[in-house]
1. Regarding VAL58, is this residue aliphatic (A, V, I, L, M), surrounded by fewer than 19 Cβ atoms within 10 Å (Cβ to Cβ) and under 12 Å from the mean Cα position of the chain (by Cα)?
2. Name the residue, out of VAL73, VAL58, VAL41, that is out of contact with any Leu (no Cβ under 7 Å at 6 or more places or on another chain) and modelled with pLDDT of 95 or more.
3. Within the range 19-37, is even one residue part of a loop (DSSP other than H, G, I, E, B), within 23 Å of SER106 (Cβ to Cβ) and either under 11 Å from the mean Cα position of the chain (by Cα) or not small (Gly, Ala, Ser) (or both)?
4. Within the range 1-46, which residues are surrounded by 15 or more Cβ atoms within 10 Å (Cβ to Cβ) and among the charged types (D, E, K, R)?
5. Every residue in the range 5-49 that is without any contact (Cβ under 8 Å) to a residue 12 or more places away in the chain, within 14 Å of LEU72 (Cβ to Cβ) and of a type outside the set (A, V, I, L, M, F, W, C), please.
6. Of the residues that make up the range 64-81, is at least one without any contact (Cβ under 8 Å) to a residue 24 or more places away in the chain, among the acidic types (Asp, Glu), closer than 18 Å to ILE99 by Cβ and part of a helix (DSSP H, G or I)?
Amino acid sequence: MNEKYTPKLIDIKILYTVNSLNELGYFPNNHGVLKILKGEVDTESKAFTNLITFQTLVSYNSKKLSRIILLLVRYKYLEKKYDKNTDDLYLKISEKGKIYLQDYLSKHHPIFKKHQKINNPTIVKIEG
């Protein structure tokens, strides 16, 4: 496997989200990252609506995001962290991921545009 991979903007959003949560002592799973990036508010995610990556990837589905996260784990930008209380694995930014993210942020101002997901109406009244 080629050990060279350059993260794209989507990857940066994921790394930024995981890093921000890790700095607060939280470790998300794939679905937790998806909730934040899609802007889904529930009892778990409502505390993180102030993250600058919140609601910046409304069009991504969980399958696509999971593949990207797997890629970031494979290339060692993210690691898995075991929680004995839930007997499950969660995401942690690796040292390589931190270095890459810090380098990226030093060269680019992190402007992550929030997107509103617009649902087409399912029932409309049409005159004429």
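1. Working: aliphatic (A, V, I, L, M): yes; surrounded by fewer than 19 Cβ atoms within 10 Å (Cβ to Cβ): yes; under 12 Å from the mean Cα position of the chain (by Cα): yes.
When the stated conditions are applied, VAL58 passes them.
2. Working: VAL58 fails: modelled with pLDDT of 95 or more; VAL41 fails: modelled with pLDDT of 95 or more.
Result of the check over VAL73, VAL58, VAL41: VAL73.
3. In the first step, residues of the range 19-37 are kept if they are part of a loop (DSSP other than H, G, I, E, B); the result is 24-29.
Going one step further and asking which of them are within 23 Å of SER106 (Cβ to Cβ), we end up with 24.
Filter once more, so that each one left must be either under 11 Å from the mean Cα position of the chain (by Cα) or not small (Gly, Ala, Ser) (or both): 24.
Looking for residues that are part of a loop (DSSP other than H, G, I, E, B), within 23 Å of SER106 (Cβ to Cβ) and either under 11 Å from the mean Cα position of the chain (by Cα) or not small (Gly, Ala, Ser) (or both), one finds at least one in the range 19-37, hence yes.
4. Residues satisfying the conditions are ASP11, LYS13, LYS35, LYS38, GLU40.
5. Scanning the range 5-49 gives THR6, LYS8.
6. Taking the range 64-81 and keeping what is without any contact (Cβ under 8 Å) to a residue 24 or more places away in the chain, we get 64, 67, 70, 73, 76, 79-80.
Filter once more, so that each one left must be among the acidic types (Asp, Glu): 79.
Now drop any that are not closer than 18 Å to ILE99 by Cβ, which leaves 79.
Checking the rest, the ones that are also part of a helix (DSSP H, G or I) come to none.
No: zero hits.
The values are calculated or read from the model by the stated rules, or taken from the named source; none is laboratory data. Just so it is clear, the model here is predicted, and its values are computed rather than measured. With ideal geometry, Cβ positions are generated from the backbone for all residues, glycine too; neighbour counts draw on all protein chains shown.
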